[in-house]
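Quick notes on the structure that follows.
Just so you know, all these numbers are worked out from the coordinates, no wet-lab data involved. All values reported here derive from a predicted model rather than from experimental measurement. Neighbour counts run over all protein chains shown; Cβ positions are idealised from the backbone, glycine included.
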Amino acid sequence: MNMLGHLSFGVEDLERAARFYDHILAPLGFERVWSNERGAGFGERGKGDKLALFAKPGQVVAPGAGFHLAFDAPDRAAVDAFHAAALAAGGRDAGAPGLRPHYGASYYAAFVIDLDGYKLEAVHQ
């Protein structure tokens, strides 16, 4: 059983944010599974969303230090591709791909800040 059903973020510009997530989630095997004028959902093909973005112009305040969303990556190459895609799509580096031995001997991750200030991670263990 999964602990979380899904997570939702408010975003300033829905189309811009959805394009960003299209790019960064593709290397991890996730895609946009629904979209409309109010929001967009991302997850595995043929399944429901695990991340939803909702247009909330003028209301977005990203959580502060201590919060981030980690995506499972199928391998280290996918972590690298996630990081590269995020930087190419306008995200900011918050930790280059590499081993994080303080989290575990095989913990390989990268961190980025998305276009609305949310801290994201891709991790392969």
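Taking the alpha-carbon set of the range 48-114, what are its Rg and Dmax in Å?
Rg, Dmax (Cα atoms, Å): 13.7, 42.
Go ahead and estimate [θ] at 222 nm for the chain from helices alone: -39,500 (n - 2.57) per DSSP H run with n ≥ 4, summed, over the residue count, rounded to 500.
-6500 deg cm²/dmol
Which listed residue (GLN125, ALA89, LEU115) has the Cα farthest towards the positive end of the charge dipole for the range 56-125, taking +1 on Lys and Arg C-beta and -1 on Asp and Glu C-beta about the Cα centre?
LEU115
How far apart, in nanometres, would the label points at ALA105 and GLU31 be if each is projected 7 angstrom from Cα along the Cα-to-Cβ direction?
Those two pseudo-labels are separated by 3.8 nm.
Among bridges DSSP assigns within the chain, what percent are antiparallel (round to 5)?
70 percent
On a full-extension model of 0.36 nm per residue, what is the gain between ARG92 and ASP72, subtracting their alpha-carbon distance, rounded to one decimal in nm?
5.2 nm
Give me the Kirkwood hydrodynamic radius of the chain in Å, from all C-alpha pairs, to one decimal place?
This gives a value of 14.7 Å.
Order these peptides, 47-60, 11-24, by their mean beta-carbon neighbour count within 10 angstrom, highest first.
Put in order of decreasing packing, that is 11-24, 47-60.
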